[in-house]
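Data first, discussion second: the structure below is written as structure tokens.
Computed from the coordinates by the stated procedures, all read-outs in this text should not be read as laboratory data. These numbers come from a predicted model, not from an experiment. Note that each Cβ is placed from the backbone with ideal geometry, even for glycine, and that neighbours are counted across all protein chains shown.
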Amino acid sequence: MQDIVTLFFIWLMDAIKQPPGATVFVVLVSLTISSISNLAMKRFSDIRRLRRYQVEIKQFQALQKKANETGNEKLLRKVKRRKPYIDRIQREMLTARCKPMMFFFIPFVLVFSWLRTFYTYVNPSSPTGLSDTIVAIIPFNVHKLLPFLEGFIGVPVSGGFGLWFWPFYFLVGLGLGQILQRIQGVQIMT
């Protein structure tokens, strides 16, 4: 029985070390971390108040723009009187959004660091002695359109462009993070 479990874990490690298993694994890890972060935001922040503040800030910005365009003295004085209040609620929003990250920042960094080393291998011919493993393949040659990406976020491979761990992780996090925020109801910017 122990041999079956050991063989399964060896197979699993090999499967998540290279595409397409690595791609799926990194997406799942990114989704999990984004979900935990969003749930913490929902738990530790007053989302309704933050949305109300965001509406007030947008109204103030529109009023400020109108006052600057028209040069209306009365409107400019109103904007000047309201500015300290808007600055205060912006600080309050920033504090409220950062509060959940204080609890989870170190664990997230540790998970990211572990995955970063997991997708790195020893390469004596590399200047640093280490090389990154390709975790996802984009099915087109992005390096022909944007040549500076080659060597920065990945390398050309047969069938497209291979992305390393950290750029793929951030692309997934940024892309799916916004969708998850909307689904989980913690998106404040509308």
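Couple of notes before you dig in:
- Selection from segment 8-52 of residues that are in a helix (DSSP H, G or I), touching a residue at least 40 places away in the same chain (Cβ under 8 Å) and polar (S, T, N, Q): Thr23, Ser30, Ser34, Ser35, Ser37, Asn38
- Meets criteria (in contact with a Lys or Arg (Cβ under 9 Å, 6 or more places away or on another chain), assigned to a helix (DSSP H, G or I), surrounded by 12 or more Cβ atoms within 10 Å (Cβ to Cβ) and free of Cβ contacts under 8 Å to residues at least 60 places away in the same chain) for Leu63: yes
- A search for C-beta distances below 6 Å between a residue of segment 161-181 that is free of Cβ contacts under 8 Å to residues at least 40 places away in the same chain and any residue that is assigned to a helix (DSSP H, G or I) and of a type in the set (Val, Ile, Thr), counting only pairs 6+ apart in sequence or on different chains, returns Phe161/Val142.
- Filter pass, Pro156 being free of Cβ contacts under 8 Å to residues at least 60 places away in the same chain and in a strand (DSSP E or B): yes
- Filtering segment 98-144 to residues that are over 28 Å from Asp14 (Cβ atoms) and in contact (Cβ under 8 Å) with a residue 24 or more places away in the chain leaves Lys99, Pro100, Met101, Phe103, Phe104.
- Residues located in segment 133-159, provided they are under 17 Å from Val24 (Cβ atoms) and out of contact with any Gly (no Cβ under 6 Å at 6 or more places or on another chain): Thr133, Val135, Ala136
- Residue ranges of strands (runs of 3 or more DSSP E) in segment 78-152 with at least 3 members surrounded by 14 or more Cβ atoms within 10 Å (Cβ to Cβ): 134-138
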